[in-house]
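Below: one structure, written as structure tokens.
The values are calculated or read from the model by the stated rules, or taken from the named source; none is laboratory data. Nothing here was measured: the structure is a model prediction, and the numbers come from that model. Because the Cβ atoms are built from the backbone with ideal geometry, glycine has one as well, and the counts that use them run over all protein chains shown. In case anyone asks, the SASA skips ligands and DNA or RNA and just uses the protein heavy atoms, side chains included. Shrake-Rupley method; radii C 1.70, N 1.55, O 1.52, S 1.80 Å.
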Amino acid sequence: MADYLPLDISGRCNAGPALLGADAGDVIGQHSFRGLPFQVGANGADQCFISLSGSHSAVTIPVNKSAKRIVFAHRLMDSKLADGGPLGEQVAEYVFHLSGGDEVRVPIRERFEIAPVAGRIAIPGTPGAPYRAVTDQKARLQPRYEGSWDGAGRRHTEADQATARHYYLWAWANPEPDRQIESIEIVPSGLPFIVAAVTLSDLDEHPFAREGRLAARITLTDKVDAGRDFKDLDVEVDRGDTTYVFPLPLSSSEEFVDAHYAWGEQLNQTSSPSYVEVSAVPSATVTVKQGEETVGSVNWGQVLDKGTAATPRVRVELVDPGKNWVQIKVLDDETGRPVPCRVHFRSPEGIPFQPHGHHNQVNSNILSWHNDVGGDLRLGHTSFAFIDGTCQGWLPRGDVYMDVARGFEYEPLRGKVTIEPGQRELTLRIKRWTNMNADRWYSGDSHVHFLSPQGAHREAQAEDLDVVNLLQSQWGSLFTNTEDFIGEPSVSRQGDSIVYVGQENRQHFMGHMILWGLKQPVMPWCSDGLGEAEIGGAMETTLSYWADRCHEQGGWVVQPHFPNPNGEAAALVAMGRLDGVEMIRQTEYNHTEYYRYLNCGYRLPLVGGTDKMSNEVPVGLYRTYARLAEGDEFTYENWCNSVASGRTFLSGGPLIGMSVDGNAIGDTVRMSGPGTVEVDAWAESIFPIHRLEIVQAGKVVASTEAAEGTRRLEIKEKLQVDGHTWLAARCGGPEYYGPNHIDAMNRGIFAHTSPVYVACGGDWWMFDKSAAQYMLTMIDGDLSYIRETSNQHTRGNVTHHHGEGDHVAYLERPFHEAREAIEKRMREHGIEL
């Protein structure tokens, strides 16, 4: 016979579909439950169930066939457990009559072999699923790339538990498989129940998957198939369960270990190679599909037995060498104590094995704005878990490849270890190669969203980051981190990380503004409509107002992702309302804008931050190093004051330093007149760097390079100074702008100092006519926007937060002030535009 053969029991049926309620659907006919075939009733018949209770006589179903197992689709129609009835009460006895006159009698008990179904006709007090039977439905994967709004949160679970729609399935194993089964006698003895279908099996397998899931590599052997978009790929299994299919890395394990140029690796977005994890019975069929097309189907039993099965277009290979539950410690090599860090483990095939409680695949490799969950990180193809120095979970036996990192001051630990059968512990050591804190440099991320304060502490410690500015804000109707604002710093118990919940106040045209150190919120958080404020919102305020309210509280103001959106930046700079400007990308444009304002005589400390809004960005990937003054303790206030004083450099990996005639970053060198200065600059990095440059007044005036990349570069140069100027050091890749980390923004590996200012005869002062004209033109444009484009409430129809009667005049005031300040500077120095 076929591997599973449905019996025709329609001749014994005495009840119809109405027993299951009006919305039961089409229950009569052929069905597949957990991939097994069943026949419920007969097509065209009205009766489809054997319905019995203790008051009924026995019913005999003729079989006259051999079978190793018999599977019943049945259910209870009532329960007394809610009223205190006994558990395991016998409902019926199934009597199997074997050839030769022998019989096997099996009691059918509530919550063992049978149970009520809590579903479309829910039974009050339904006690739960039976111990020895399974549901008629399999577990179900959530829609992977689309779905309803109310399923957005549940989508993170990836799968829905198996439930019973109509029946439970119970399998009886024949103790005499060589003897024919002549009939099955159903002897009712208690609560009402129904038998819907009976299926025979001649296979030597339990009908329902019980082995834990195993990993299988999927290789599409046709180049056209392999090159298609990964989103088209799907894997299904009929008699078991499967995870989503996930891409495998394109690089080999050896290439992975040797890659040291950046954090992360390129995500494989093609359909091959990939992997899936399967829990199925040997008779199951594994089907590989692209869109609606079946690429190939293989027998899972052959994969288990032979290790591989193939069709002309697809190959499925078992890649599961066994695994151990391992306790892992990552120790600081100097102290010998567990140290927070981020870890990644993978098999030789590239299958991730992340610590328990973390995700092998972060959000299924789907972009995850605002869904920053689980203490995880995904950089391209590589998933990381943030740990406190200890973790535990499964690791595969044999070779395991690892990537352990802790910020820019520790040597990354990327290599191979071997897990022996029975091994339960793994100890790794990560080594600090430099200690910036020892020289009073403390690092911070200026700009982080969506984490919790405690999560920010954990991730900061794992990235060897001292300060996290966690910013509440608004996106349309979404307000974030509202409850986390306390108006003071959160300091870790060890004192090695500080999290301060501040604000990023945002306006889509005028720009965004980071407010550090707030004691009270500055409202409104956002203004003037989408995508920052609410839809149809009016322009309620200016960035200048936000800056003034922050400074009144003793806080600090930073222009994020400088200069974009490039609206009010000129007015803010002209009035000295900024304590720093932030770069979150290494582009020529943001450098040009930064240099423009420096050349016009405005002192602007440089700040590094990530604008982290997803698991695709590590906290501190771009960070601000600020040097505390001699004798200052590490506190949030002292760190912010150091930033505002200009004692900073921005780092996307390299550490960089510079002195001018012995003066440090942020200082002013005073010369009596034109002459030369001696510049010392250096850069060191865990990533290869190619170029170190000295920038004077926006132009590169000295450089050194290493064509193949190096860990250290330095310059010692005498430079001519003919007037007031500024100097800064920067380093990066072969062309400076690049190469890229594999984070959400593909940011460059670079570092840039804040300036050292050189005053040549008198107090430092610079002015650039073209820059001043640029600023004035921008201010004129801002006024035009307020008057002609921005949304405004009907005059007199609302009372604004500022309480002034003329709201437009209130909005325009900082721009008039900025224009006057620029023109005043020009008049003082006899400059005409």
Check: in a loop (DSSP other than H, G, I, E, B), open to solvent by less than 40 Å² (accessible area, probe 1.4 Å), among the aliphatic types (A, V, I, L, M) and in contact (Cβ under 8 Å) with a residue 24 or more places away in the chain, is that true of Met513?
Finding: no
Notebook entry, point to check: Between residues in the range 454-476 that are open to solvent by less than 20 Å² (accessible area, probe 1.4 Å) and residues that are among the hydroxyl-bearing types (Ser, Thr, Tyr) and at pLDDT below 95, which pairs lie under 6 Å by C-beta distance while being six or more apart or on different chains?
Noted result: none
Checklist line | Filter result (open to solvent by less than 10 Å² (accessible area, probe 1.4 Å) and either assigned to a loop (DSSP other than H, G, I, E, B) or over 25 Å from Val643 (Cα atoms) (or both)) within the range 746-767 | finding: Arg747, Ile749, Phe750, Ser754, Pro755
Notebook entry, point to check: Looking at (1) farther than 17 Å from Tyr167 by Cβ; (2) without any contact (Cβ under 8 Å) to a residue 24 or more places away in the chain; (3) small (Gly, Ala, Ser), can you tell me which one Gly54 breaks?
Noted result: (2)
Margin query: Condition first: out of contact with any Phe, Trp or Tyr (no Cβ under 9 Å at 6 or more places or on another chain) and open to solvent by 50 Å² or more (accessible area, probe 1.4 Å). Now tell me which residues in the range 6-24 satisfy that.
Written below: Asp8, Gly11, Arg12, Ala18, Ala22, Asp23
Notebook entry, point to check: Is at least one residue of the range 75-82 among the small types (Gly, Ala, Ser), closer than 28 Å to Ile61 by Cα and surrounded by 15 or more Cβ atoms within 10 Å (Cβ to Cβ)?
Noted result: yes
Check: Got at least one residue in the range 790-807 being surrounded by fewer than 16 Cβ atoms within 10 Å (Cβ to Cβ) and not in a loop (DSSP other than H, G, I, E, B)?
Finding: no
Margin query: As an exercise: evaluate Arg577 against (1) open to solvent by less than 30 Å² (accessible area, probe 1.4 Å); (2) closer than 12 Å to Asn505 by Cβ; (3) basic (Lys, Arg) and give the number of the one condition it does not meet.
Written below: (2)
Margin query: Against the definition (in a loop (DSSP other than H, G, I, E, B), free of Cβ contacts under 8 Å to residues at least 24 places away in the same chain and not aromatic (Phe, Trp, Tyr)), how does Gly88 come out, yes or no?
Written below: no
Note to self: I'm checking my understanding of the structure. Among residues of the range 380-436 that are in contact with a Ser or Thr (Cβ under 8 Å, 6 or more places away or on another chain) and assigned to a strand (DSSP E or B), which one is most open to solvent (accessible area, probe 1.4 Å)?
What the structure shows: Lys416
Check: Among (1) open to solvent by 10 Å² or more (accessible area, probe 1.4 Å); (2) within 24 Å of Ser189 (Cα to Cα); (3) at pLDDT 95 or above, which single condition is Gly35 missing?
Finding: (2)
Notebook entry, point to check: Considering Ser364, Ser368, which residue is modelled with pLDDT under 95 and either surrounded by 20 or more Cβ atoms within 10 Å (Cβ to Cβ) or basic (Lys, Arg) (or both)?
Noted result: Ser368
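Could you tell me whether the range 316-336 includes any residue that is touching a Gly at 6+ places or on another chain (Cβ under 6 Å) and open to solvent by 20 Å² or more (accessible area, probe 1.4 Å)? Walk me through it before giving the result.
Initially, the range 316-336 is screened for residues touching a Gly at 6+ places or on another chain (Cβ under 6 Å), giving 318, 321, 330.
Checking which are open to solvent by 20 Å² or more (accessible area, probe 1.4 Å) leaves us with 318, 321.
The answer is yes; a qualifying residue exists.
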Check: Filter the range 481-493 for residues that are part of a loop (DSSP other than H, G, I, E, B) and free of Cβ contacts under 8 Å to residues at least 24 places away in the same chain; which is most open to solvent (accessible area, probe 1.4 Å)?
Finding: Arg493
Next item on the list: Specify the residue that is surrounded by the fewest Cβ atoms within 10 Å (Cβ to Cβ); the eligible residues are those in the range 584-613 that are charged (D, E, K, R) and over 19 Å from Ala772 (Cβ atoms).
Entry: Glu588
Note to self: Tell me the residue from Gly531, Gly502 that is in contact (Cβ under 8 Å) with a residue 40 or more places away in the chain, crowded, with 19+ Cβ neighbours inside 10 Å and among the small types (Gly, Ala, Ser), please.
What the structure shows: Gly502
Margin query: I need a count of the residues in the range 149-172 that are at pLDDT below 90 and small (Gly, Ala, Ser).
Written below: 3
Item checked: In the range 69-109, the residues that are under 48 Å from the mean Cα position of the chain (by Cα), charged (D, E, K, R) and at pLDDT 95 or above -> Arg69, Arg75, Arg109
Next item on the list: Restricting attention to the range 719-745, report how many residues are part of a strand (DSSP E or B), farther than 23 Å from Asp667 by Cβ and open to solvent by less than 40 Å² (accessible area, probe 1.4 Å).
Entry: 3
Next item on the list: Name every residue in the range 331-376 that is of a type in the set (A, V, I, L, M, F, W, C) and part of a loop (DSSP other than H, G, I, E, B), in order of residue number.
Entry: Val339, Ile351, Phe353, Ile366, Leu367, Trp369, Val373
Check: Quick check, is Pro355 closer than 18 Å to Ile419 by Cβ and touching a Gly at 6+ places or on another chain (Cβ under 6 Å)?
Finding: yes
Margin query: Could you go through the range 696-718 and let me know if any residue there is open to solvent by 20 Å² or more (accessible area, probe 1.4 Å), modelled with pLDDT under 95 and part of a loop (DSSP other than H, G, I, E, B).
Written below: no
Next item on the list: Please specify each residue of the range 595-619 satisfying the condition of being more than 22 Å from Met826 (Cβ to Cβ) and either without any contact (Cβ under 8 Å) to a residue 40 or more places away in the chain or assigned to a loop (DSSP other than H, G, I, E, B) (or both).
Entry: Pro605, Gly609, Thr610, Asp611, Met613, Ser614, Asn615, Glu616, Val617, Pro618, Val619
Next item on the list: Identify all residues within the range 768-789 that are open to solvent by 40 Å² or more (accessible area, probe 1.4 Å) and not small (Gly, Ala, Ser); write none if there are none.
Entry: Asp768, Lys769, Gln773, Tyr774, Thr777, Asp780, Arg787, Glu788, Thr789
